[in-house]
Each structure stands twice: as structure tokens, then as C-alpha cells.
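Report on one structure; see the data block that follows.
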Amino acid sequence: MTPALLYGLSGALLVAIGLAGAIASRSLVRRILGFNLLGSGAFIIIIAFARRVAGPVPDPVSHALVLTGIVVTVSATAVALALAVRLHDDEDGRDE
Amino acid sequence: MNGVGFVDMLLAAAVPALAAAVMLYRDLFRATVVFIVLGLTIALVWVRLDAPDIALAEAAVGAGITGALFMRALGAIPGPPRGAIAVDRVSFPWLAVRGAAVVLAAVAALLLAWAVLTVPSSEPVVTRLVRDAAPESGVGNPVTAVLLNFRGYDTLLEVGVLLLAALGVSTIGADRHAASLGGTRVRGPVILAFAHFMLPGLAVVAAYLLWIGADQPGGAFQGAAVLAGAWLLSAFAGVAADVPARRMPVLLAGGFLLFLLVAAGMIAINGGLLRFAPATAKWWLLLIESGLLISCAAILATLVFRLTDDERPEAGP
């Protein structure tokens, strides 16, 4: 058992928890939280893969990929949250 | 990195445990706080996996900016009052959906665990290609070399995605009136003193991350997240310089346009999109990153500010 393997398994669990939460939650905000957990789990698995080779430098391509992924995730999260807030506002307006 | 240490076991166990807490806490505010703690824990995981660039990005963007986004969204969505669940939600077969979700998640976890356990431990070809070409990239940090030189195309489009998100959030979020960046004030002497104390330091840290990113962990996006944090802090303290609305598009899109201009200019100079000559690459990359630092900071701050209006009509005393 190497640390990369251990973290890879931890990432797999994170994906599962995020996936279950994103599907089964009633709250839109919690679904977006689940979507973020799912993404983080995938990133951990990718970097664990990059670290499986015992060398001085891990694969920089995977690292650049995950860096891009983190920035794209925050963009998607912002748009999703804006939609959730707007949906809530519009539903409120209809009820009143 | 050698064997599995106590810290590794602690972190590997803490990540799924915190994630479960994020999903299971009834109170969304608590869930969001735990989510931010999880982000910082994952930043430590990145350090243990020899990925310091990602650790910086995770702490600043993943935990910091994303956490701020969720906090701001929760301020606008004050949670359903008790017992006020809509009728269609009661009749919806939640039990069946939850059961199916758990089964699906279990299958996904098993497949991913199988993939993690059986992946071959040979070095990918692309790792060697990057190592061989690294001296020609103009920067010493291989991750920065991949991001801005070898795969600059990806990063160009990534900035495009950020810009689109800022546009989308501005369109969806603030429909009543355009909220300026100075709209949100937190009153009290503590935040004012804290802002005066922190802001110069944060600006220096952002510039340092950009400069050091050429050879050490760091880079434009990490610096931009720190700068965006400084911008948010100054706005909450009420000391932010008010950017006129007509200047904001220049600030938001400037980095992307500069990147695009340099990318196209390389066709004329070196005969290929984003093809840099080894001798001058360092300075072109620095120019691109400087533009990205300012623009991405403005975009990240805009995402947080424009997510919701500050003067909410329904928010009475």
C-alpha cells in the first residue's frame, strides 16, 4: 500500500458520496455541493494516478489538467448557484 | 514520499468523513462550513501527493472563492421553513431515488477502486516528452510550462470559460439593477483595521505568486484568487475603489483579449498559434500571466458579487 493508492481509494469514496448527494438531495444548494465533492474526488484520483510512478517529479500534465479543472469547477458552481438563487427568487415572487 | 504515514491515514480517512458530513448535516450553513474545512483538508492531500501548485489553487479557489460563493447563495436562499414542503415533493418517490442513488454510488466507488488498484505503474510517454522539452518552455516549473506553453490552448479556453461564467452570473444574478463592487458593506471597526492591515500584504502575495510561478509552485490563477480575496475584503470593509460600470468589461475581458492577441501574434512571429521561441518565451508568458492575474481576479470577485443583489426587497428588518 502506497500513499498514492490510499488517497486514490479515498478519492473513489469522495466521488461516491458526491454522486449520491448530487442525485438524492432535495436542496439545489446541496446538490451543487455534491457536484463539487464529485469533482474533488475525480481530481484526487487523477493526481494519485500521476503519483503512482516513483520518480522525482510527478506527471505535470495531470497537474495542469486538474488546475484547469478547479478553475472550470468554480465557474460552473457560480453559474449553478446563480440559477438556484434566481429560481428561489422567482418561486417566491409567484407565491406572494 | 515513501511509506504510508500516520498523517496519510488521517487525511485519507478525514476526506470521506468530512464529505459525508457535508451531505448529511441538515443545516446548509453548517454543511458549507464543513465543505470549506474539507477544501483545506484536500489542500493538505495535494501537498502529500507532491502537487503544491494544486494545493495553492485548492486553498485559494476551491475552499476560498467557492466557499464565498456558497455563503453568498445561502444568504439569498434562507432555507425552507419547517413543515413547508411543497405537495409535489411529498408525492415524489424520494425513497426510491435515494435507494437508486446509493446503489449507483456504491457501483461507482467499486469501479473506481478497481481502477486505482489495477492501474499500471509505468511512466506515461507524455511525462517524458514534457521533461525533454522543459528547457525550451522559458519557465522552470513544469506545471506552468504545460499550462501556458505546451497546452496554452487549454488555458486560453479556460479563461474564456471564466469570462462566460462572469457573463452568465451577471445576466442571471443581478436583474434589478447593476450592483457595483462596492455594494456590500460589513460595518464595524474590526474589519476596517483588518483590511488596512491585510490589503497591502495580499497584493504583494498575489504578485509574488505570479512571479514565482515561473520556477516554483504558484502562478497566475493562484495569485488571481488571492487578489480576488483582497478585492472582496476591501469591498466588505467599504474601502474598495469603485470601478465605473463602463470600465468593468475592459477589466474582465482584458486578460483574455491580451492572451488571444499574443496567441495570434505568434502566428506572425513564429509561424504557429501559441508557438513561442525559447529565448523570448519567458517574457511573453509573463505578459500573458500579468493580464490573467488582473482579469481573473476581477472575474472571480464578480462571480461572488453578482451572484445575488444586495438590496433585496424581501429582506425586511
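From the list A:Ala22, A:Ala16, A:Ala50, A:Ala42, the lone residue that is of a type in the set (Gly, Ala, Ser) and touching an Asp or Glu at 6+ places or on another chain (Cβ under 6 Å) is A:Ala50. When the test is whether a residue is touching a Ser or Thr at 6+ places or on another chain (Cβ under 8 Å), surrounded by 22 or more Cβ atoms within 10 Å (Cβ to Cβ) and part of a helix (DSSP H, G or I), B:Val61 does not pass it.
For A:Gly41, state whether it is buried (at least 23 other Cβ atoms within 10 Å of the Cβ), more than 7 Å from chain B (Cβ to nearest Cβ), closer than 25 Å to B:Leu303 by Cα and not hydrophobic (A, V, I, L, M, F, W, C).
Spelling it out, A:Gly41 is indeed buried (at least 23 other Cβ atoms within 10 Å of the Cβ), more than 7 Å from chain B (Cβ to nearest Cβ), closer than 25 Å to B:Leu303 by Cα and not hydrophobic (A, V, I, L, M, F, W, C).
Let's see how each residue does on (1) more than 7 Å from every other protein chain (Cβ to nearest Cβ); (2) surrounded by 24 or more Cβ atoms within 10 Å (Cβ to Cβ); (3) assigned to a helix (DSSP H, G or I); (4) polar (S, T, N, Q):
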{"site": "A:Met1", "(1), (2), (3), (4)": "no, no, no, no"}
{"site": "A:Tyr7", "(1), (2), (3), (4)": "no, yes, yes, no"}
{"site": "A:Leu14", "(1), (2), (3), (4)": "no, yes, yes, no"}
{"site": "A:Ala22", "(1), (2), (3), (4)": "yes, no, yes, no"}
{"site": "A:Leu37", "(1), (2), (3), (4)": "no, yes, yes, no"}
{"site": "A:Val53", "(1), (2), (3), (4)": "no, no, no, no"}
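Can A:Ala78 be described as within 7 Å of another protein chain (Cβ to nearest Cβ), in a helix (DSSP H, G or I) and at pLDDT 95 or above? Criteria met by A:Ala78.
B:Leu44 - would you say it is within 18 Å of A:Ala16 (Cα to Cα) and in contact (Cβ under 8 Å) with a residue 24 or more places away in the chain?
Details: within 18 Å of A:Ala16 (Cα to Cα): no; in contact (Cβ under 8 Å) with a residue 24 or more places away in the chain: yes.
When the stated conditions are applied, B:Leu44 does not pass them.
Give the residue that is modelled with the highest pLDDT, with candidates limited to residues of region B:305-314 that are touching a helix residue (DSSP H, G or I) at 6+ places or on another chain (Cβ under 9 Å) and more than 8 Å from chain A (Cβ to nearest Cβ). Among those residues, the one meeting the criterion is B:Phe305.
Within region B:195-215, residues that are within 13 Å of B:Ala237 (Cβ to Cβ) have Cβ atoms under 7 Å from residues that are of a type outside the set (Asp, Glu) and part of a loop (DSSP other than H, G, I, E, B) in these pairs: B:Ala195/B:Val239, counting only partners at least 6 apart in sequence or on another chain.
This table checks each residue for (1) at pLDDT below 90; (2) surrounded by fewer than 20 Cβ atoms within 10 Å (Cβ to Cβ); (3) not assigned by TED's automatic domain parsing to the domain that holds B:Ala228.
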position: B:Ala12; (1), (2), (3): no, no, yes
position: B:Met23; (1), (2), (3): no, no, yes
position: B:Val33; (1), (2), (3): no, yes, yes
position: B:Ala43; (1), (2), (3): no, no, yes
position: B:Trp46; (1), (2), (3): no, no, yes
position: B:Leu69; (1), (2), (3): no, no, yes
position: B:Ala96; (1), (2), (3): yes, yes, yes
position: B:Leu104; (1), (2), (3): no, yes, yes
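Please work out if B:Ser234 is without any contact (Cβ under 8 Å) to a residue 60 or more places away in the chain, hydroxyl-bearing (Ser, Thr, Tyr) and either closer than 24 Å to B:Thr144 by Cβ or crowded, with 17+ Cβ neighbours inside 10 Å (or both). Against the criterion (without any contact (Cβ under 8 Å) to a residue 60 or more places away in the chain, hydroxyl-bearing (Ser, Thr, Tyr) and either closer than 24 Å to B:Thr144 by Cβ or crowded, with 17+ Cβ neighbours inside 10 Å (or both)), B:Ser234 qualifies. Does A:Val29 satisfy the condition of being within 23 Å of B:Leu162 (Cα to Cα), within 7 Å of chain B (Cβ to nearest Cβ), of a type outside the set (Ser, Thr, Tyr) and surrounded by fewer than 20 Cβ atoms within 10 Å (Cβ to Cβ)? Judged against the criteria, A:Val29 is not a match.
The values are calculated or read from the model by the stated rules, or taken from the named source; none is laboratory data. Please read all numbers here as calculations on a predicted model, not as lab measurements. Glycine gets a Cβ as well: all are built from the backbone with ideal geometry, and neighbour counts include every protein chain shown.
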